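Every read-out reported here was derived from the displayed coordinates using simple, explicitly stated rules and does not represent laboratory data. All values reported here derive from a predicted model rather than from experimental measurement. Please note: Cβ atoms are built from the backbone with ideal geometry, for glycine as well, and neighbour counts cover all protein chains shown.
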Amino acid sequence: MTLTRAIGKSAAWIVGIVAVLIAAAGIFIFTFDWNRAKPWVNEQVSTALGRPFAINGDLKVGWRRPDGETGWRAWVPWPSFSATQLEIGNPDWAQAPKFVTLDAAHFDLALLPLLAHEIVIPSIDVVNPAVDLERRADGSNTWTFQFKQSSQPSRWKVRLDSFGFAKGTVTYRDAITKADLTVAIDTLGQPIPLGDVLKEQEQTSRAASAQRVGKHGAAQLGAKADAQAASGASGASAAAASGASAASGVASAASGSSGSSASSAPSAPSAPAAAAASGASGAAAPAKPAGPTYAFGLKVDGRYKNVPISGTGKVGGVLAIQDTSQPFPLQADVKAGDTRLAIVGTLTDPRHLAALDLRLWLQGTSMSHLYQLTGITLPDTPPYATEGRLIGNFKPNASTFRYENFNGRVGGSDLGGTLTWAQREPRPKLSGELVSNLLQFSDLAPVIGADSAASKKKRGDTTRQPPDRVLPVAAFRTERWSAIDADVKFTGRKLIKSADLPITNLYTHILMQDGVLTLEPLQFGVAGGTLATNAHLDGSRTPLKGRFTLAARHLKLKQLFPTQKVMQSAFGEINGDASLSATGNSPAALAATSTGEVKALITNGRISRLLMEAAGLNVANVVYEKLFGNRDVNINCAAIDFVATDGMLDPKVFALDTDDALINVDGPINLRDESLDLKIHPHTKGFRIFSLRSPLYAKGTFKNPKVGVDAGALALRAGAMVGLGLINPFAALLPLIAPSNNRDVPCSELFGQMKAQAAQKAAKKAGK
């Protein structure tokens with residue numbers, strides 16, 4: 001009995017001591033000024049982070065009953081920590097001294113999980129967080145911490161159930177991408193389904209497309225995209241499609257719910273308000289929509305790669321980033337210079353950047369302006385607008401992005417297809433297939449700098465085309481060719497230069513490798529025949545070196561101008577070949593150094609001045625009018641054989657055999673200064689009243705040709721006319737009548753005569 005009483009007495013003492021200790025601990029916890037512990041807390045956290053950490057305001061610890069617990073667990077209180085004016089420092093080299101600043105932070109800690117070496121934080125709520133991110137040219141950054149490493153794996157696990165804030169700011173500076181951006185973050189007030197945002201963005205982006213390509217072009221673009229989406233050929237992600245079908249039919253205005261909801265958020269939320277924001281970011285809501293939802297609105301301003309950036313966006317909740325089973329929603333509508341980009345879709349496993357699935361809208365003044373933003377080399381174009389599906393897969397040094405089944409308008413032309421950008425060494429590669437059902441020839445002019453001064457000014461091209469030059473002087477941007485490789489096939493089913501000259505089945509295979517651009521081939525059908533070109537442009541050297549071959553086969557004069565009644569009796573056929581090499585960084589420079597040969601043959605044809613005008617052949621049009629007036633002329637045979645030497649075109653053969661005359665042309669064509677010095681010698685056939693006996697000249701420039709009759713020869717004939725006219729009025733016509741053997745010269749005979757003339761010239765030059 002004595003032992004029992006001793007044990008009981010000892011137990012009572014122990015219980016009493018424990019109770020006193022608990023009471024003392026409780027009194028200490030509730031009455032202790034935790035601000036006295038701030039130096040120790042600051043030191044410990046600073047050591048763990050490897051960065052300065054400080055609580056500059058109050059530090060408090062309280063107790064509260066846990067949420068959602070039942071039974072005896074409900075009586076185990078949670079410590080509740082709160083602090084104000086917190087900050088984490090940046091490395092010494094950073095522009096901003098603070099990495100993170102918080103007006104306030106509050107979090108609870110569950111006690112019982114500590115027994116199982118698990119730190120469970122039901123929620124963390126912060127007020128007005130501000131984060132400063134910076135990266136230097138060597139790759140070092142402010143968001144990588146040098147934590148104290150342990151040789152043994154930690155036994156402790158950390159679980160965070162909720163993280164919330166009402167407003168925040170992120171500043172991002174990057175010396176590699178030359179970015180300087182400020183992003184303001186605000187809560188949306190309530191979760192917004194992805195489908196609703198998709199509908200809203202579609203309306204906004206199509207309105208923006210209309211500003212670039214016109215209402216008619218935007219309507220055609222939208223109709224085609226809707227048709228594809230309805231058939232399941234394109235669209236946003238599966239989640240987006242699901243959300244869109246479940247959403248209501250009418251979306252809100254283009255200004256969006258982001259701005260209105262953001263403005264309703266409190267400017268300085270209290271702890272309860274922050275807790276409400278936490279709920280918006282991941283906590284359960286009474287009527288939670290199915291599928292991904294947006295929780296935060298974004299507003300961005302600044303510069304990226306020296307291009308001004310502004311725009312808005314939406315993202316999901318903070319903790320949704322950790323959920324690998326649920327796609328993370330993204331939305332953005334951003335202006336970068338004169339380019340506008342909008343996306344709606346999802347990011348899978350955001351922490352590891354597994355994959356992107358987005359609906360993408362893109363509008364701009366010229367596709368070439370995307371180079372500065374993306375590094376993708378594209379040609380100069382008229383204003384454009386596209387929409388399609390962007391799928392991205394992220395892999396170390398092997399990421400790919402696929403713009404799938406997109407539709408677009410470029411100027412007055414349509415454009416669609418699929419393009420894939422693949423990350424690789426030593427440079428990325430762009431590949432795919434593009435199709436245009438109706439391509440306006442004028443929309444191709446900017447590709448070679450041949451568009452108007454107004455068009456150049458609109459797309460920011462400061463190159464001035466000299467007023468007296470025809471060949472474009474705008475330089476190729478060969479420095480961009482080495483930034484990317486390309487393998488793209490393009491098909492233009494119908495190309496329109498004018499209503500009178502349809503071009504069909506345009507096809508080219510664009511290859512770019514190591515700064516060398518090749519078109520193998522560039523071919524199209526026209527006038528019942530074909531034109532095929534192979535071009536090889538070596539942009540890896542300065543100046544650019546080019547090689548070109550061209551073959552024209554079976555071009556029918558009648559089909560060149562199907563709406564011209566005067567040409568319906570023209571049955572002629574054109575065939576030709578050209579092989580040239582040149583150096584220079586512009587079309588004009590390449591022409592000025594061209595070396596090679598150009599040949600063409602026209603048989604059994606009929607031409608008119610209207611044909612010359614429609615073809616834009618200024619010099620030929622003026623010459624034709626001097627020779628034949630406005631009437632149609634039958635061509636039995638026309639032969640052209642030019643030798644090009646450093647931009648000088650010298651005719652070996654340049655002759656036309658018509659019903660009226662055999663016409664020889666000689667003299668050089670200078671591509672260096674775009675000048676010509678041609679002499680046209682008509683030799684009449686048959687005893688006919690014919691005024692073509694006088695030699696003509698064609699001088700001046702391509703832009704301003706001057707064509708006339710040899711003054712000396714004409715004066716002699718005029719004097720003869722006057723003298724004979726004094727005797728007999730009919731005799732005044734005699735000088736205009738050229739005798740001949742009244743025999744047509746067939747094509748074969750024409751060639752024989754021309755070859756003989758060429759041989760005589762060669763012998764004369766050789767001194768024989």
For Thr583, enumerate residues with amide H under 5 Å from its amide H, sequence gap 5+ or separate chain, H modeled in the peptide plane. Gly546, Thr593
Please get the size of the charge dipole for the range 306-378, origin at its Cα centre, with Cβ charges of +1 on Lys and Arg and -1 on Asp and Glu, quoted in debye to the nearest 20. 120 debye
Just going by the charge dipole of the range 283-406, with Lys and Arg at +1 and Asp and Glu at -1 on Cβ, which of Leu330, Ala320, Ala355 is farthest out on the positive end? Ala320
Mind listing the long-range amide H neighbours of Ala54? Cut-off is under 5 Å, sequence gap 5 or more, other chains count too, H placed in the peptide plane at 1.01 Å from N. Glu87
Whole-Hz couplings from phi, Karplus 6.51/-1.76/1.60, listed for the range 431-441; x for Gly and Pro: 9, x, 9, 10, 9, 10, 7, 9, 10, 7, 4
May I ask for the net charge around Val300, where only other residues with Cβ less than 13 Å from the Cβ of Val300 are counted and Lys, Arg are +1 while Asp, Glu are -1? 0
Residue separation between Ala223 and Asp577 times 0.36 nm, minus their alpha-carbon distance, gives in nm 123.1 nm
